[in-house]
Every structure is written in C-alpha cells, then in structure tokens.
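The values are calculated or read from the model by the stated rules, or taken from the named source; none is laboratory data. Quantities reported herein were computed from a predicted structural model and do not represent experimental measurements. Here the Cβ positions follow ideal geometry from the backbone for every residue, glycine too, while neighbour counts run over all protein chains shown.
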Amino acid sequence: MRLHISVLFVAFLICLPCTGKEYSFLKPKNRNSIFAKYTAADQIEYHYGIVAGQNIATIKIPGASSQDVITGWMAGLAMQVVWPQGFAIQPEILYSQKGCITEDPRVQYGMDYIEVPVKLMYRLYLADIKPFAFVAPYAAYAIDISPKGDDNSNYLDQINKFDAGIGAGAGFDIWNAQLSFRYSWGFTSVLNDLSPLRNKVFTISVGVLF
C-alpha cells in the first residue's frame, strides 16, 4: 500500500510542470525579480579610479624645542574590490608629500614618496551612501628629499628612503565619489643613525571610482 502511494506521489510531482497552474509552494510568483535580487546581492564589484587630497604631516623629533606640521598633497590611482558581505579592499599607488618643520634648529624636511597603501574596508549600505571604516598598511619609498634651513647638511645622507607603517580611518562612498580621512603611523625611522623618528600623517582625500 505504501509503495503504491509513493509511486502516485512521485508521478504527481513529475506531472506538475505539465499543468497550466502555478503552485506557490513550488514556484515563486515573480521568479525573475527574486533571481535578479539574489545575483545583485552576491556579485563582486570592481571599481577603478583616481584619488587626490592633502597631507598634514609631522615627524616627532626628540630634543627639538618646537616643531610644526608641513602640508603637502597626495594623488594617484586606486582599485576597489567589494564583496557582498560589506568587506572591500582598495589598494592605491600614490605620490605623497610628507615631512616636518623644526624651529631650533630651523629646518624644513620635505620628503616626497611613492606610497602603496592597501585599505582593508568594511562598508555599510545606507541607500546611495555607503559609510566605511578601514585599516591601511602601507609601504613607501622617497624619491625626492629636500631639507631646507640651518644645519641640514649633516642630515641629508642619513635619511632613510624606505618607510612602512599602518593607517586607520573612515569615510563614505556616494555614487562614484569617495571621501576618506586617514591617520598614519610610520614604523621605520626617517633617519638611520638617530633614535626612531617616524612619519605621522593625517590625510584628507577625495576620489572618483568607476
């Protein structure tokens, strides 16, 4: 008896597609819209663009009676990969100006780097605005060093051209535009033969990603 019932039930399921009726428990009412929503939610996004902004930089120098920040600009290219769960990665290659100004002795250290930060981001989706927070390890190499002022001749050949560190910040994407705020701490010393003197930079940047 059970075998007969099982055979009839299987035959019923096989014949369902042949009928002209739609059964809600087997077929969604609007399968196309549900499928489109599913694929959009699970699609990995790729964006490319440009970024530019301003650095407010300094180097903490022990023994300096006073020092001031130096401003410079940064600009470059960016690529962003976004996963459905809100995670994203955004590597960049930048021309970035850093340095500081000391008062006693009066020296302005200007160092221009090629810098490669990699932003590890988590984004929220609030309509067209997508706020995010990130950490950004970076590596950099100084391509131009220009100390200006008193008693700087002894420092030029001591400057370490390599820099590496980490940054943290936040921002938001809105349509194709991006606004970002980042504070970075250098891990390597700017001068080879002295106590650790590390770059510290606050960066405001805007970008256009397509």
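Miscellaneous remarks
- Filtering the range 185-209 to residues that are in contact with a Ser or Thr (Cβ under 9 Å, 6 or more places away or on another chain) and at pLDDT 95 or above leaves V201, F202, T203, I204, S205, V206, G207.
- Of all residues in the range 35-57, those satisfying the criterion of being polar (S, T, N, Q) and modelled with pLDDT under 90 are T39, Q43.
- Pair list, Cβ under 7 Å, 6 or more apart: the range 130-147 residue touching a residue at least 12 places away in the same chain (Cβ under 8 Å), other residue outside any strand (DSSP E or B): K130/L124; P131/L124; Y141/K161; A142/K161; I145/L156; P147/Y155; P147/L156
- Listed conditions (1) modelled with pLDDT of 95 or more; (2) farther than 25 Å from G207 by Cα are all met by A64, apart from (1).
- Of all residues in the range 107-129, those being in a strand (DSSP E or B) and either closer than 15 Å to F181 by Cα or in contact (Cβ under 8 Å) with a residue 40 or more places away in the chain (or both) number 16.
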